[in-house]
1. Tell me yes or no: at least one residue of the range 388-399 is open to solvent by less than 30 Å² (accessible area, probe 1.4 Å) and part of a loop (DSSP other than H, G, I, E, B).
2. Name the single residue, out of those in the range 314-344 being assigned to a loop (DSSP other than H, G, I, E, B), within 21 Å of Val179 (Cα to Cα) and touching a Lys or Arg at 6+ places or on another chain (Cβ under 8 Å), that is most open to solvent (accessible area, probe 1.4 Å).
3. Considering only residues that are free of Cβ contacts under 8 Å to residues at least 40 places away in the same chain and within 16 Å of Lys5 (Cβ to Cβ), which ones fall in the range 157-190?
4. Any residue that is open to solvent by 20 Å² or more (accessible area, probe 1.4 Å), out of contact with any Ser or Thr (no Cβ under 6 Å at 6 or more places or on another chain), over 27 Å from Gly142 (Cα atoms) and in contact (Cβ under 8 Å) with a residue 24 or more places away in the chain - is there at least one of those in the range 36-44?
5. Just checking: which of the strands (runs of 3 or more DSSP E) contained wholly in the range 1-50 hold 1 or more residues that are of a type in the set (Val, Ile, Thr)?
6. Those residues that are more than 18 Å from Arg394 (Cα to Cα) and open to solvent by 20 Å² or more (accessible area, probe 1.4 Å), I need them from the range 273-313; list them, please.
7. So, Leu429, is that one out of contact with any Cys (no Cβ under 7 Å at 6 or more places or on another chain) and either more than 16 Å from the ligand (Cβ to nearest atom) or at pLDDT below 95 (or both) or not?
8. Being touching a Lys or Arg at 6+ places or on another chain (Cβ under 8 Å) and touching a residue at least 60 places away in the same chain (Cβ under 8 Å) is true for just one of Thr284, Thr279. Which residue is that?
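The values are calculated or read from the model by the stated rules, or taken from the named source; none is laboratory data. Predicted model only: the values in this text are computed from it and were never measured. Note: ideal-geometry Cβ built from the backbone for every residue, glycine included; neighbour counts use all protein chains shown. Just so you know, the surface numbers come from the protein's heavy atoms only, side chains and all, with ligands and any DNA or RNA stripped out. Shrake-Rupley method; radii C 1.70, N 1.55, O 1.52, S 1.80 Å.
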Amino acid sequence: MKTFKNFIGGKWQDPASSEYFENRNPANCDDVIGQFPLSDQRDVDCAVQSAKRGFEIWRRTPAPARGDVLRQVGDILAKRKEEIADLMTREMGKPLLETRGDVQEGIDTAYYAASEGRRLFGRTVPSELRNKWAMSFRRPIGVAGLITPFNFPMAIPTWKSFPALACGNAVILKPAEDVPHTATALVEVLLEAGLPPDVIQLVHGQGESAGKALVEHHEVPVISFTGSTETGRIVGETCGRMHKRLSLEMGGKNAMIVFDDADLDLALDGVLWGAFGTTGQRCTATSRLVIQDGVHDELLSRLVERVRTLKLGDGRAKGTDVGPLINEPAVKKVEQYVDIGVSEGADLLIGGRRATGKGLDKGHFFEPTIFARVEHGMRVEQEEIFGPVLSVIRVSSVDEAFAINNGVKYGLSSSVYTRDVNVAFRAQLELDNGITYINAPTIGAEAHLPFGGVKQTGNGHREGGWEVYEFYSETKVGYIDFSGQLQRAQIDNYLGTPD
Ligand code: NAD
């Protein structure tokens, strides 16, 4: 079996524990990808000391030169796109079409970050005093600890690491334990592009050991976390206590709303992609379908017919629409939610079981599942399931639909299908989400726009676009007084007192 290593202190290293965990293909558990380090606090300590050395080099490297390295990263990712997509599908399960998109997101993020190296704007502002210069500019912060989930094995680590690096920070990446191979490929690419080795550290292992040690390390002032709201709460408590800068991107319970005037063909394609793409394991997955009375029955029956035709299988096989769930606990969790939905009185229209036969027995496959007659407040309507389960809710008005969208603790993404421009604009203003799509499903973020959610999905920061650069840098203000005399802000007044 192939043994993979951490990247710490400028070299590929075994973990201090000498222990490893296995990484298996979720579409075929007999297929072992390799074993990866089970790291702990000792590895994190070494990574932090190395990253501190890296920071001293990197923060002094001109930002445009940092950007040049990231441009190289984009070029190498583009060259390796097909190979990385293939290894990502093997360890994560989603079809190649999707893993190619995941790598493409990394490429787009690299080129954006490269160009940001020539911006990182500050401001020059008039001083209230004479012969005095006032400006703001951006400084890197230090060592950034990045903790990432399994569902976007390349895109999310790049959303975090590329802006962090462009701003001049050193990075320690702790990827999700189900997708360590893709993270390894990312670090290889960064090194090949010429990043000084101490600037990047890769620490594999479990959240409760390696992740926790990173969050609790007193020399890591910045933590960026993407994962479940439950884990985010734990991370947030520690960071609050330790006064760390923290970005949280967490769960979702996203609704697609289809009104009577919608283009139903479009809505049908949208909900299939939104609900069952990535096997429902997207933070932006469509997990609630809110349909207005007039089109409810027609859309639902057409949807069930289309779901019947979805082909489950290995994401690397031709014609696969839906891959496996990530692991056995995920299958168990989805099974439990199916039981909950049934016991709550929802109508199980299709699916609801582990998928078997036709080569699926060795993987974590689950049938695409639809619950109808779901009432607002049921657990299958309120809680993140993170699997191929869609809850359908019937409504009679725009107000009712909007209230249902807003009536959950999450606030990531929403989508409205309508031809009424007034309803479309109302949705933008009234839906409590970080993202609202009109006539498109709840998924499909673009790398150059801010990404994130409100309420218990996030803590006010955004990934992507221009906003994330604020998170990874400190604003500093510089005043230069060239008057040669003491001038007192707020006290001296030059109005009517010429030189
Ligand atoms: P998870 O919370 O189980 O794990 C996320 C990461 O946190 C992993 O690397 C894990 O090892 C680590 N971790 C676990 N316990 C930890 C601890 N005590 N201290 C530090 N780190 C710890 O999430 P997951 O199952 O990998 O991903 C699915 C979740 O991620 C879903 O809730 C999904 O909605 C969310 N997600 C959100 C976004 C977003 O941008 N809002 C994007 C993708 C996924």
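1. Yes, some residue in the range 388-399 is open to solvent by less than 30 Å² (accessible area, probe 1.4 Å) and part of a loop (DSSP other than H, G, I, E, B).
2. Taking the range 314-344 first, the residues assigned to a loop (DSSP other than H, G, I, E, B) are 314-321, 323-327.
Next, from what is left, pick out any that are within 21 Å of Val179 (Cα to Cα): 314-317, 320-321, 323-327.
Restricting the remaining residues to those that are touching a Lys or Arg at 6+ places or on another chain (Cβ under 8 Å) gives 315-316, 320-321, 323.
Details: Gly315: 4, Arg316: 87, Thr320: 19, Asp321: 70, Gly323: 0 Å².
The residue in question is Arg316.
3. Leu173, Pro175, Ala183, Glu188
4. Filtering the range 36-44 for residues open to solvent by 20 Å² or more (accessible area, probe 1.4 Å) gives 38, 40-42.
Now narrow it down to the ones that are out of contact with any Ser or Thr (no Cβ under 6 Å at 6 or more places or on another chain): 41-42.
Next, from what is left, pick out any that are over 27 Å from Gly142 (Cα atoms): none.
Within the range 36-44, none of the residues are open to solvent by 20 Å² or more (accessible area, probe 1.4 Å), out of contact with any Ser or Thr (no Cβ under 6 Å at 6 or more places or on another chain), over 27 Å from Gly142 (Cα atoms) and in contact (Cβ under 8 Å) with a residue 24 or more places away in the chain.
5. Details: elements: 6-8, 11-13, 20-25, 28-37.
Correct list: 6-8, 28-37.
6. First pass over the range 273-313, keeping only residues more than 18 Å from Arg394 (Cα to Cα): 273-274, 276-285, 305-313.
If the condition is that a residue be more than 18 Å from Arg394 (Cα to Cα) and open to solvent by 20 Å² or more (accessible area, probe 1.4 Å), then Trp273, Arg282, Cys283, Glu305, Arg306, Arg308, Thr309, Leu310, Lys311, Leu312 are the ones that fit.
7. Numbers: out of contact with any Cys (no Cβ under 7 Å at 6 or more places or on another chain): yes; either more than 16 Å from the ligand (Cβ to nearest atom) or at pLDDT below 95 (or both): yes.
Criteria met by Leu429.
8. Details: Thr284 fails: touching a Lys or Arg at 6+ places or on another chain (Cβ under 8 Å).
On inspection, the qualifying residue turns out to be Thr279.
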